[in-house]
Amino acid sequence: SDVCSSDLKYENQKMAHLIGAVNIDFYNDRGQHVSHLLADTADVNIQNNNLTAIGHVVIRSDSGMVLETSIINWNNQYEMLSTEDTVRFTSLEQDTLYGIGFDSDVDLSNGRIYRPWGVTGRGFGGFD
């Protein structure tokens, strides 16, 4: 993944703290760009490339799905995003799903929202 921000501070040999306009591009195992993350700050473990993005976090997949939250973790070994915080997820069909807790792969295609609720503009069964 590619990472940039307006300021970088090294806390020690293991951690870096990115401050201001954090931009992270994620790629799949074939090197194709799959999503982009924006956040106010991020803490990066330099040894394993795990990170925690904090503040106004928005992840947009290249396919058009959007996840918004206040904090999210990236586990580089398992290539998984996760949070225990409140999330807002907008699907390709423009459905808006909310929940508390979320995990997914980096392109948001195989995600799970915990404690969900939502809004859809489509009909639902016999209730239109």
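The values are calculated or read from the model by the stated rules, or taken from the named source; none is laboratory data. If you're wondering where the values come from, they're calculated on a predicted model, not measured in any experiment. All Cβ positions, even for glycine, are placed from backbone atoms using ideal geometry, and neighbour counts span all protein chains on display. For the accessible areas, the whole protein counts, side chains as well, though only heavy atoms, and no ligand, DNA or RNA atoms are used. Shrake-Rupley method; radii C 1.70, N 1.55, O 1.52, S 1.80 Å.
Please go through region 90-106 and give me each residue that is out of contact with any Gly (no Cβ under 7 Å at 6 or more places or on another chain), within 19 Å of residue 55 (Cβ to Cβ) and of a type outside the set (Val, Ile, Thr), ordered by number. Lay out the reasoning, then the answer.
Of all residues in region 90-106, those out of contact with any Gly (no Cβ under 7 Å at 6 or more places or on another chain) come to 90-91, 93, 99-101, 105-106.
Applying the additional criterion that residues be within 19 Å of residue 55 (Cβ to Cβ) yields 100-101.
Answer for region 90-106, where residues must be out of contact with any Gly (no Cβ under 7 Å at 6 or more places or on another chain), within 19 Å of residue 55 (Cβ to Cβ) and of a type outside the set (Val, Ile, Thr): just 101.
Kindly provide the set of residues from region 49-64 that are crowded, with 19+ Cβ neighbours inside 10 Å and under 23 Å from residue 118 (Cβ atoms), ordered by number.
57, 59, 61
For the condition in contact with a Phe, Trp or Tyr (Cβ under 8 Å, 6 or more places away or on another chain), over 17 Å from residue 84 (Cα atoms) and in contact (Cβ under 8 Å) with a residue 12 or more places away in the chain, what is the one hit in 34, 44? Reasoning before the result, please.
Details: 44 fails: in contact with a Phe, Trp or Tyr (Cβ under 8 Å, 6 or more places away or on another chain).
Result: 34 is the single residue among 34, 44 that is in contact with a Phe, Trp or Tyr (Cβ under 8 Å, 6 or more places away or on another chain), over 17 Å from residue 84 (Cα atoms) and in contact (Cβ under 8 Å) with a residue 12 or more places away in the chain.
So, of the residues in region 30-43 that are over 11 Å from residue 58 (Cβ atoms) and in contact with an Asp or Glu (Cβ under 7 Å, 6 or more places away or on another chain), which turns out to be least open to solvent (accessible area, probe 1.4 Å)?
Of all residues in region 30-43, those over 11 Å from residue 58 (Cβ atoms) come to 30-34, 41-43.
With in contact with an Asp or Glu (Cβ under 7 Å, 6 or more places away or on another chain) added as a condition, the list becomes 33-34.
Numbers: 33: 65, 34: 20 Å².
By that ranking, first place goes to 34.
Scan 107, 103 and give me the residue that is open to solvent by 40 Å² or more (accessible area, probe 1.4 Å), touching a strand residue (DSSP E or B) at 6+ places or on another chain (Cβ under 8 Å) and in contact (Cβ under 8 Å) with a residue 60 or more places away in the chain. Quick ask: steps written out before the conclusion?
Values: 103 fails: in contact (Cβ under 8 Å) with a residue 60 or more places away in the chain.
The conditions single out 107.
Which residues, counting only those in region 27-48, are within 18 Å of residue 73 (Cβ to Cβ) and touching a Ser or Thr at 6+ places or on another chain (Cβ under 7 Å)? Can you show your working first?
Step one: filter region 27-48 for residues within 18 Å of residue 73 (Cβ to Cβ), giving 34-48.
Selection gives 34, 35, 42, 43.
For residue 46, all conditions in the list (1) hydrophobic (A, V, I, L, M, F, W, C); (2) surrounded by fewer than 16 Cβ atoms within 10 Å (Cβ to Cβ); (3) touching an Asp or Glu at 6+ places or on another chain (Cβ under 6 Å) hold save one; what is the number of the exception?
Condition (3) is where residue 46 drops out.
Every residue in region 72-95 that is modelled with pLDDT under 90 and either open to solvent by less than 60 Å² (accessible area, probe 1.4 Å) or not in a loop (DSSP other than H, G, I, E, B) (or both), please.
First, the residues of region 72-95 that are modelled with pLDDT under 90: 91-95.
91, 95 - these are the residues of region 72-95 that are modelled with pLDDT under 90 and either open to solvent by less than 60 Å² (accessible area, probe 1.4 Å) or not in a loop (DSSP other than H, G, I, E, B) (or both).
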